[in-house]
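*Asks:* Let me begin by handing over the structure; questions about it come next.
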Amino acid sequence: MIQAPRGTFDILPESAQQRKLAEAEADRILGAAGYRRIETPTFEATELFARGVGEATDIVQKEMYTFDDGGGRSLTLRPEITAPVCRAYLEHGMHKLAQPVKLWYLSSCFRAEAPQRGRYRQFWQFGAEAIGSEAPETDAELIVLLAELLEAVSVKRTRLRLSSLGTPATRADYREELTAFLHTHESELAEDVRDRIDLNPMRAFDSGDAGTQAVMRDAPKLLDRLHPDDAEHFEVVRALLDDAGLRYELDPTLVRGLDYYTRTVFEFTSDELGAQSGVGGGGRYDGLIELLDGPPTPASGWAAGVERMLLAARELPPAPELVDLFVALAKRDGSRTAFELALEARRAGLQAQLELAGRSLKGQLKHADRIGARYVAIIGDNGVATLKDMESGEQHDTGVQDVIPEILRAERMR
Ligand code: AMP
């Protein structure tokens with residue numbers, strides 16, 4: 001039997017319902033702050049991610065689904081959505097609009113990672129990006145919005161870690177200092193960290209290796225090396241979060257998987273989750289738009305994984321299916337009348353279903369009960385229907401044309 005590809009999953013109706021609620025919360029919370037929905041293509045030119053995510057990242061080196069489109073173009077299923085949103089911002093001249101341009105999305109991403117709980121090869125992200133503002137208020141607002149979304153979706157036991165990466169110049173100096181530090185401790189580092197000292201020294205902070213962790217405890221920290229402007233920017237972000245009553249942990253070792261972050265970085269985790277505890281994160285990426293050949297444009301944003309949010313969320317009671325009317329058949333030859341009555345009922349704003357499985361009348365009534373139908377109309381001979389109130393059990397004969405008016409009247413009286 002053919003199965004869904006490894007690392008992918010089907011969204012069955014019960015979880016589709018849960019996702020719909022989460023989406024409605026995002027729409028409400030982000031919409032109230034002026035973020036508008038955007039949707040970009042599922043695949044993009046590979047170059048976009050090579051540049052916009054960074055050649056040295058795991059994502060670009062190992063995790064992209066890249067293919068030749070047959071015409072000699074290299075395309076990639078989007079592994080993340082910030083770079084595509086920035087591409088769209090430039091392509092549609094949004095840098096000429098009033099700034100910042102505030103956008104949000106809910107879309108799928110693709111990464112060829114080893115699947116486990118909370119880590120999939122196709123997964124969904126909520127994301128918000130504010131492009132064209134360098135204000136610390138933008139960063140603080142984005143963080144608060146994500147906190148509110150996580151709360152609205154009932155994500156349990158969340159924690160927020162926060163740091164600042166400074167600007168590229170500070171990072172370049174710091175990078176040299178860190179690289180030199182790592183070289184003097186080469187023999188104590190894990191092999192994969194040692195191999196990448198010059199390519200991506202910040203990675204060493206992420207290592208799970210005990211020897212490397214011991215070395216990194218004494219490593220120079222970027223937070224202690226921030227330029228005064230960046231330090232001040234960070235102070236404002238922190239003060240705003242304090243005012244908002246949002247608790248966070250300062251974590252100078254916080255590094256994001258992506259290369260383009262500057263200044264503010266943050267991550268929400270949930271203690272409900274196991275190894276893959278990251279629920280959502282983001283930060284400021286002032287260099288990205290320029291990297292994509294746009295004008296210098298400050299920006300910040302976040303992405304949060306839908307599956308991890310729902311894994312860490314309080315279970316919602318399943319929403320009962322609402323069916324106002326089930327149209328049953330006393331005999332098979334009433335089917336055209338039944339079909340039309342169901343259509344009419346929906347046009348009148350009722351939720352209506354009709355018998356589609358050739359059940360006996362007894363079977364049809366059982367089915368109507370199972371799906372929670374409020375009324376059943378049994379189509380009989382000569383334009384007569386038996387209308388049954390499933391709650392009281394009361395039933396009476398009436399004209400087929402009177403079924404809908406009677407239901408509407410009865411519902412108004414309730
Ligand atoms: P990132 O773009 O790597 O910062 O990821 C942002 C968020 O997307 C993470 O915090 C996770 O919630 C989610 N995420 C990232 N990768 C995966 C994956 N392979 N499967 C499921 N969720 C993911």
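*Asks:* With the cut-off at 1.5 for a/c, could you classify the range 32-191 from its C-alpha gyration tensor as rounded, prolate or oblate?
*Replies:* The shape class here is rounded.
*Asks:* Considering the chain as a Gaussian network with a 10 Å cut-off on Cα pairs, which listed residue, Thr184, Thr46, Thr297, attains the greatest mean-square fluctuation?
*Replies:* Comparing Thr184, Thr46, Thr297 in a Gaussian network model of the chain, the most mobile one is Thr184.
*Asks:* Which value, in nm² and rounded to one decimal, describes the direction-averaged projected area of the C-alpha convex hull of the range 93-168? Mind showing how you got there, number by number?
*Replies:* Numbers: hull surface 30.8 nm².
Mean shadow area of the hull around the Cα atoms is 7.7 nm².
*Asks:* Which helices pass in the chain if a helix is a full DSSP H run, must span at least 15 angstrom along its long axis by Cα, and must have mean Kyte-Doolittle hydropathy not below 0.0? Before the final figure, lay out the partial values.
*Replies:* Details: long enough: 13-32 (28 Å, -0.78); 136-152 (24 Å, 0.78); 168-184 (24 Å, -0.70); 228-243 (22 Å, -0.49); 335-347 (18 Å, -0.48); 403-413 (16 Å, 0.28).
Helices meeting the span and hydropathy rule in the chain are 136-152, 403-413.
*Asks:* Mean residue ellipticity at 222 nm from the helices of the chain, using -39,500 (n - 2.57) per DSSP H segment of n ≥ 4 over the full residue count, to the nearest 500 deg cm²/dmol? Let's see the in-between values first.
*Replies:* Working: 13 runs with 143 residues, N = 414.
So the calculated ellipticity at 222 nm is -10500 deg cm²/dmol.
*Asks:* For the range 268-414, what D do you get in µm² per second when you plug the Kirkwood radius from alpha-carbon pairs into Stokes-Einstein at 4 °C and 1.567 mPa s? List each step's numbers first, then the result.
*Replies:* Numbers: Rh = 19.4 Å.
It comes out at roughly 67 µm²/s.
*Asks:* Taking 20 °C and 1.002 mPa s as the conditions, I'd like the Stokes-Einstein D for the chain in µm²/s, using the Kirkwood hydrodynamic radius from alpha carbon pairs.
*Replies:* Taking Rh from Cα pairs, D becomes 86 µm²/s.
*Asks:* Using modelled backbone amide H atoms (1.01 Å from N, in-plane), which distant-in-sequence or interchain residues come within less than 5 Å of Arg37's amide H?
*Replies:* Result for Arg37 returns Trp104.
*Asks:* Under a GNM of the chain (C-alpha, springs under 10 Å), which listed residue has the highest mean-square fluctuation: Gly93, Gly334, Gly282?
*Replies:* So, out of Gly93, Gly334, Gly282, the one fluctuating most is Gly334.
*Asks:* Distances longer than 13 Å among the Cα atoms of the range 256-302: what percent of all pairs is that?
*Replies:* When all Cα pairs of the range 256-302 are counted, 59 percent exceed 13 Å.
*Asks:* Also, I was wondering about something else. Classify the range 153-220 as rounded, prolate or oblate, taking a ≥ b ≥ c as the square roots of the eigenvalues of its Cα gyration tensor: rounded when a/c is under 1.5, otherwise prolate if a/b is larger than b/c and oblate if not.
*Replies:* Because a/c hits 1.5 or more and a/b fails to exceed b/c, the range 153-220 counts as oblate.
*Asks:* Quick one: which of 161-167, 408-414 comes out on top by average Cβ neighbours within 10 Å, and what's the full order, highest first?
*Replies:* 161-167, 408-414
*Asks:* Then there's this: Taking the Cα centre of each part, how many Å lie between the range 276-334 and the range 1-58?
*Replies:* The range 276-334 and the range 1-58 have Cα centres spaced 7 Å from each other.
*Asks:* Hey, can you rank 380-389, 122-131, 337-346 by average C-beta count inside 10 Å, highest first? Mind showing how you got there, number by number?
*Replies:* On the way: 380-389: 15.6, 122-131: 23.5, 337-346: 17.8.
Result, highest mean first: 122-131, 337-346, 380-389.
*Asks:* I'd like to compare 170-176, 149-155: which one has the highest average count of other Cβ atoms within 10 Å, and what's the full order after that? Please list the in-between numbers first.
*Replies:* Working: 170-176: 16.1, 149-155: 20.3.
Descending mean neighbour count gives 149-155, 170-176.
*Asks:* With every atom except the alpha carbons ignored, what do you get for Rg and Dmax of the range 193-292, in angstroms?
*Replies:* Cα radius of gyration and Dmax of the range 193-292 are 15.1, 44 Å respectively.
*Asks:* Find the centroid of the Cα atoms in the range 382-402 and in the range 234-275, then give the distance between the two in whole Å.
*Replies:* 62 Å
*Asks:* Another question, then. Which whole-number value in Å² is the accessible area per residue of the chain, probe 1.4 Å?
*Replies:* Here the per-residue accessible area is 51 Å².
*Asks:* Further question: Taking the alpha carbon gyration tensor of the range 335-414, what are the square roots of 5 times its eigenvalues, largest first, to the nearest whole Å? Spell out each step's value before the answer.
*Replies:* On the way: eigenvalues 60, 46, 34 Å².
One finds semi-axes of 17, 15, 13 Å for the range 335-414.
*Asks:* Hey, another quick one. Given Cβ point charges of +1 (Lys, Arg) and -1 (Asp, Glu) and nothing else, what value in debye, to the nearest 20, does the dipole of the chain about its Cα centre take?
*Replies:* Computed charge dipole of the chain: roughly 1540 debye.
*Asks:* Would you be so kind as to identify which of Trp124, Gly245, Thr46 lies farthest towards the positive end of the dipole of the chain, taking Lys and Arg as +1 and Asp and Glu as -1 on Cβ and the Cα centre as origin?
*Replies:* About the Cα centre, the residue reaching furthest to the positive side is Trp124.
*Asks:* Based on Cβ point charges of +1 for Lys and Arg and -1 for Asp and Glu, what charge dipole magnitude is obtained for the range 1-151 about its Cα centre, in debye rounded to the nearest 20?
*Replies:* Numbers: 17 positive and 23 negative charges, 74 e Å.
With only Lys, Arg, Asp and Glu charged at Cβ, the dipole is about 360 debye.
*Asks:* Another one. Calculate the radius of gyration of the Cα atoms of the range 284-371 to one decimal place, then report Dmax, the largest Cα-Cα distance, as a whole number, both in Å.
*Replies:* According to the Cα coordinates of the range 284-371, Rg and Dmax are 25.8, 73 Å.
*Asks:* Oh, and also: Cα-based Rg (one decimal) and Dmax (whole number) for the range 1-91, in Å?
*Replies:* Both quantities, over Cα of the range 1-91: 16.6, 48 Å.
*Asks:* Here's something else I'd like to know. Within the set of other residues whose C-beta is less than 9 Å from the C-beta of Glu249, count the net charge using Lys and Arg as +1 and Asp and Glu as -1.
*Replies:* +2
The values are calculated or read from the model by the stated rules, or taken from the named source; none is laboratory data. Note that the coordinates shown come from a computational prediction; the quantities given were computed from them, not determined experimentally. Using ideal geometry, Cβ is built from the backbone for each residue, glycine included, and neighbour counts are taken over all protein chains shown. Just the protein is used for accessible areas: all its heavy atoms, side chains included, with ligands, DNA and RNA removed. Shrake-Rupley method; radii C 1.70, N 1.55, O 1.52, S 1.80 Å.
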